[in-house]
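Below is one structure, written out as structure tokens, with a few remarks after it.
The values are calculated or read from the model by the stated rules, or taken from the named source; none is laboratory data. Small disclaimer: the values here were computed from a predicted structure and weren't measured. Reconstructed Cβ throughout: ideal geometry from the backbone, glycine too, with neighbour counts over all protein chains shown. For the accessible areas, the whole protein counts, side chains as well, though only heavy atoms, and no ligand, DNA or RNA atoms are used. Shrake-Rupley method; radii C 1.70, N 1.55, O 1.52, S 1.80 Å.
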Amino acid sequence: MGIQNTVMKMFNKSIAFGLVGITVTDRYAGVCPIRGSSMAPTFNPSLESFADDYVFLEKFCLDRYKFSHGDVVIFSNPTNYKERCVKRIVAMEGDYISNVNGATRVPEGHCWVEGDNSALSSDSRTYGPIPLGLIRGRVTHVIWPPQRMKKVDRRIAQDRLAF
Amino acid sequence: MTSASFIWNVCKSSFTFGLIGLTVSDRFASVVPVRGLSMSPTFNPPNNSSSFRLFTDDHVLVEKRCLTDYKFSHGDVVVFCSPRNYKERQIKRITGMPGDWISVPFSYDAVKIPEGHCWVEGDNPADSLDSRSFGPIPLGLIRGRVTHILWPPQRVQKIDKKLPRSGLSF
């Protein structure tokens with residue numbers, strides 16, 4: 001009877017921790033790996049490294065926060081809603097972005113995202129401005145590998161400033 | 001001592017139930033009220049006593065399992081974040097999937113729905129702000145699929161995949 005009680009208690013506790021973990025990951029914060037080099041050198045700076053960068057992303061921003069220029073966000077890919085992409089917000093609604101065809105205005109409720117590694121990034125220059133509703137979280141820190149642990153700044157390259 | 005442990009047990013149980021409720025409503029299904037007349041007569045059909053609108057809004061069951069495995073198709077009624085204001089939710093019916101051509105009203109143009117997007121319209125075209133205003137929406141904005149009306153009791157029913165009468169997609 002003693003062993004059965006202990007097993008039941010451990011089972012209950014692990015279910016409780018599992019639930020808490022699921023709720024926290026869905027609503028508040030999570031960790032995820034970065035694939036690809038569209039955000040080099042901020043994430044995955046070199047092709048030879050074996051390990052992908054892992055980042056800490058927070059989801060409090062989906063409630064009250066006002067997204068702004070320079071935030072690195074994770075969003076559903078507009079061309080395939082089952083994939084996630086990570087890019088930096090370069091322009092918000094109402095800004096104008098210089099394009100090959102002249103200047104595009106970012107519509108209401110949308111934002112313009114670009115990867116830090118312009119040559120290798122498929123972003124708003126390909127699929128246009130994305131609605132803010134696609135955003136799933138904001139990246140705040142790199143937490144792995146240990147030598148690259150740092151806070152992610154809100155910094156944009158000089159030639160991609162919106163006006 | 002027993003009252004303290006009783007209170008502690010009540011707190012633990014309510015916390016657990018609260019968590020379970022949150023997880024279920026995030027990942028499986030939840031109940032939401034439908035505001036507005038853009039989906040009449042499917043939701044909120046016109047009736048004489050418009051002053052009781054607040055108490056007689058239809059409440060519908062929104063299932064969220066569709067966000068992982070399901071393939072959305074024509075006729076599904078979905079809840080999505082408004083592309084103009086990501087804090088608002090809207091309910092409309094999908095009338096076009098990627099690759100379809102939609103004819104623009106009052107013009108000879110046709111719009112091809114890009115990959116990963118869909119065209120949504122309300123069942124009440126006169127009173128509905130939908131893809132005819134803001135264009136096709138990415139499927140990533142969808143937050144759930146409406147399956148049943150749960151309130152008021154006389155309107156409890158399953159929602160069908162009704163296709164629009166005027167075939168706009170070809």
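Looking at A:107, A:145, A:129, which one is more than 15 Å from the chain's Cα centre (by Cα) and over 22 Å from residue B:135 (Cβ atoms)? Working first, answer last.
Values: A:107 fails: over 22 Å from residue B:135 (Cβ atoms); A:129 fails: over 22 Å from residue B:135 (Cβ atoms).
So the residue among A:107, A:145, A:129 that is more than 15 Å from the chain's Cα centre (by Cα) and over 22 Å from residue B:135 (Cβ atoms) is A:145.
Can you pull out every residue in the stretch B:1-21 that is at pLDDT 90 or above, of a type in the set (A, V, I, L, M, F, W, C) and under 20 Å from residue A:14 (Cα atoms)?
B:8, B:10, B:11
Which one of B:144, B:140 is in a strand (DSSP E or B), open to solvent by less than 70 Å² (accessible area, probe 1.4 Å), at pLDDT 90 or above and within 14 Å of chain A (Cβ to nearest Cβ)?
Details: B:140 fails: in a strand (DSSP E or B).
When all the criteria are applied, what remains is B:144.
Taking the stretch B:73-87, which residues are at the interface with another protein chain (Cβ under 9 Å from one of its Cβ atoms) and either out of contact with any Gly (no Cβ under 6 Å at 6 or more places or on another chain) or open to solvent by 20 Å² or more (accessible area, probe 1.4 Å) (or both)?
Within the stretch B:73-87, the first condition is being at the interface with another protein chain (Cβ under 9 Å from one of its Cβ atoms), and the residues that meet it are B:80-87.
Once the filter is applied, which keeps residues that are at the interface with another protein chain (Cβ under 9 Å from one of its Cβ atoms) and either out of contact with any Gly (no Cβ under 6 Å at 6 or more places or on another chain) or open to solvent by 20 Å² or more (accessible area, probe 1.4 Å) (or both), the stretch B:73-87 yields B:80, B:82, B:84, B:85, B:86, B:87.
Which one is farthest from the other protein chains (Cβ to nearest Cβ) among residues in the stretch B:96-137 that are surrounded by 23 or more Cβ atoms within 10 Å (Cβ to Cβ) and under 17 Å from residue B:39 (Cα atoms)?
Step by step, filter the stretch B:96-137, then rank; the result is B:122.
Here is a list of conditions, (1) hydroxyl-bearing (Ser, Thr, Tyr); (2) within 13 Å of chain A (Cβ to nearest Cβ); (3) out of contact with any Lys or Arg (no Cβ under 9 Å at 6 or more places or on another chain); (4) surrounded by 13 or more Cβ atoms within 10 Å (Cβ to Cβ), and residue B:40 meets all of them except one; can you say which number that is?
So residue B:40 meets the others, but not (2).
Need pairs with beta-carbon distance below 6 Å; first residue surrounded by fewer than 17 Cβ atoms within 10 Å (Cβ to Cβ) and within the stretch A:29-47, second part of a loop (DSSP other than H, G, I, E, B); sequence gap 6+ or separate chains.
As it stands, the answer is A:33/A:52, since those pairs meet every condition given.
When residue B:119 is evaluated against the numbered criteria (1) closer than 19 Å to residue B:98 by Cβ; (2) touching a residue at least 60 places away in the same chain (Cβ under 8 Å); (3) assigned to a strand (DSSP E or B), which criterion, by number, is the only one it fails?
(2)
Would you confirm, using the coordinates I've provided, whether residue A:14 is more than 13 Å from the chain's Cα centre (by Cα), under 28 Å from residue B:64 (Cα atoms), of a type in the set (Ser, Thr, Tyr) and more than 10 Å from chain B (Cβ to nearest Cβ)? Working first, answer last.
Values: more than 13 Å from the chain's Cα centre (by Cα): yes; under 28 Å from residue B:64 (Cα atoms): yes; of a type in the set (Ser, Thr, Tyr): yes; more than 10 Å from chain B (Cβ to nearest Cβ): yes.
In short, yes.
Which of the residues that make up the stretch A:105-133 are outside any loop (DSSP other than H, G, I, E, B), among the hydrophobic types (A, V, I, L, M, F, W, C) and crowded, with 21+ Cβ neighbours inside 10 Å? Before you say what the answer is, go through the steps one by one.
Start the filter on the stretch A:105-133 by keeping residues that are outside any loop (DSSP other than H, G, I, E, B), which leaves A:105, A:110-114, A:118-120, A:124-127, A:130-133.
Cutting the leftovers down to among the hydrophobic types (A, V, I, L, M, F, W, C) gives us A:111-113, A:119-120, A:130, A:132.
Of everything in the stretch A:105-133, those that are outside any loop (DSSP other than H, G, I, E, B), among the hydrophobic types (A, V, I, L, M, F, W, C) and crowded, with 21+ Cβ neighbours inside 10 Å turn out to be A:111, A:112, A:113, A:130, A:132.
Look through the stretch A:85-104, keep the residues that are within 21 Å of the chain's Cα centre (by Cα) and in a strand (DSSP E or B), and return whichever of them is nearest to the other protein chains (Cβ to nearest Cβ). Spell out the reasoning first.
The first filter runs over the stretch A:85-104 and keeps only residues within 21 Å of the chain's Cα centre (by Cα), leaving A:85-93.
Okay, now just the ones that are also in a strand (DSSP E or B), so A:85-91.
On the way: A:85: 10, A:86: 14, A:87: 14, A:88: 18, A:89: 13, A:90: 18, A:91: 16 Å.
Only one residue tops the list, namely A:85.
Cβ-Cβ below 8 Å, separation at least six or inter-chain, first residue in the stretch B:1-23 and surrounded by 11 or more Cβ atoms within 10 Å (Cβ to Cβ), second polar (S, T, N, Q): which pairs?
From the stretch B:1-23, the pairs are B:19/A:23; B:22/A:23; B:23/A:23.
Can residue A:82 be described as out of contact with any Lys or Arg (no Cβ under 7 Å at 6 or more places or on another chain), outside any loop (DSSP other than H, G, I, E, B), without any contact (Cβ under 8 Å) to a residue 12 or more places away in the chain and surrounded by fewer than 16 Cβ atoms within 10 Å (Cβ to Cβ)? Even if it seems obvious, please write down each step before you answer.
On the way: out of contact with any Lys or Arg (no Cβ under 7 Å at 6 or more places or on another chain): yes; outside any loop (DSSP other than H, G, I, E, B): yes; without any contact (Cβ under 8 Å) to a residue 12 or more places away in the chain: yes; surrounded by fewer than 16 Cβ atoms within 10 Å (Cβ to Cβ): yes.
Yes, satisfied.
Given the conditions (1) open to solvent by less than 60 Å² (accessible area, probe 1.4 Å); (2) closer than 30 Å to residue B:79 by Cβ; (3) of a type outside the set (A, V, I, L, M), which single one is not true for residue A:145?
In the conditions (1) open to solvent by less than 60 Å² (accessible area, probe 1.4 Å); (2) closer than 30 Å to residue B:79 by Cβ; (3) of a type outside the set (A, V, I, L, M), residue A:145 misses (2) alone.
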